[in-house]
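Reading through the structure tokens given below for one structure.
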Amino acid sequence: NVQTFTGALGGLSAPAVTSGDMSNSTFTSLGSDFINSAAALGRSCDVQHNLCSNAANSGGGFAVSDCDAQNTACHAA
């Protein structure tokens, strides 16, 4: 897993990002392939943000703004 961000509001971690086919240097996150790690890591952070926002809107004990801050940190990791 090349996703180094460990923040997990509500216990919701960013999905794993793994090196895919080394012959063409792809990266995979949740079954989707990306041509570079930055794109795959960005998708992983965005998926986590959506899960976090859904939990916040369902009474998760934190606000969507907390998810926004976590997403910013994830993209910076």
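Of the conditions (1) under 20 Å from ALA73 (Cα atoms); (2) in contact with an Asp or Glu (Cβ under 9 Å, 6 or more places away or on another chain); (3) of a type in the set (Asp, Glu), ASP46 satisfies every one except a single condition; which number is it?
Only one criterion is unmet by ASP46, namely (2).
Is there a residue being charged (D, E, K, R), over 22 Å from THR72 (Cβ atoms) and in a loop (DSSP other than H, G, I, E, B) anywhere in the range 19-29?
Checking the range 19-29: at least one residue is charged (D, E, K, R), over 22 Å from THR72 (Cβ atoms) and in a loop (DSSP other than H, G, I, E, B).
Which residue is surrounded by the fewest Cβ atoms within 10 Å (Cβ to Cβ), if the candidates are limited to the range 30-53 and must be without any contact (Cβ under 8 Å) to a residue 12 or more places away in the chain and in a loop (DSSP other than H, G, I, E, B)?
GLY31
Pull up the range 54-75, narrow it to residues that are without any contact (Cβ under 8 Å) to a residue 24 or more places away in the chain, polar (S, T, N, Q) and in a helix (DSSP H, G or I), then point me to the one that is nearest to ALA39 (Cα to Cα). Break it down stepwise before answering.
Taking the range 54-75 and keeping what is without any contact (Cβ under 8 Å) to a residue 24 or more places away in the chain, we get 54, 57-59, 63-65, 68-69, 72.
This time we only want the ones that are polar (S, T, N, Q), so: 54, 57-58, 65, 72.
Now drop any that are not in a helix (DSSP H, G or I), which leaves 54, 57, 65, 72.
Values: ASN54: 23, ASN57: 27, SER65: 23, THR72: 15 Å.
Filtering the range 54-75 for residues that are without any contact (Cβ under 8 Å) to a residue 24 or more places away in the chain, polar (S, T, N, Q) and in a helix (DSSP H, G or I), the one nearest to ALA39 (Cα to Cα) comes out as THR72.
For VAL2, which of the numbered conditions (1) surrounded by fewer than 16 Cβ atoms within 10 Å (Cβ to Cβ); (2) out of contact with any Phe, Trp or Tyr (no Cβ under 8 Å at 6 or more places or on another chain); (3) assigned to a loop (DSSP other than H, G, I, E, B) fails to hold?
Result: VAL2 fails condition (2) only.
FYI, it's all coordinate maths here, none of it is from the lab. The shown structure was predicted, so the numbers you read here are calculated from the model rather than taken from an experiment. Quick reminder, even Gly has a Cβ in these numbers, built from the backbone with ideal geometry, and neighbours come from all protein chains shown.
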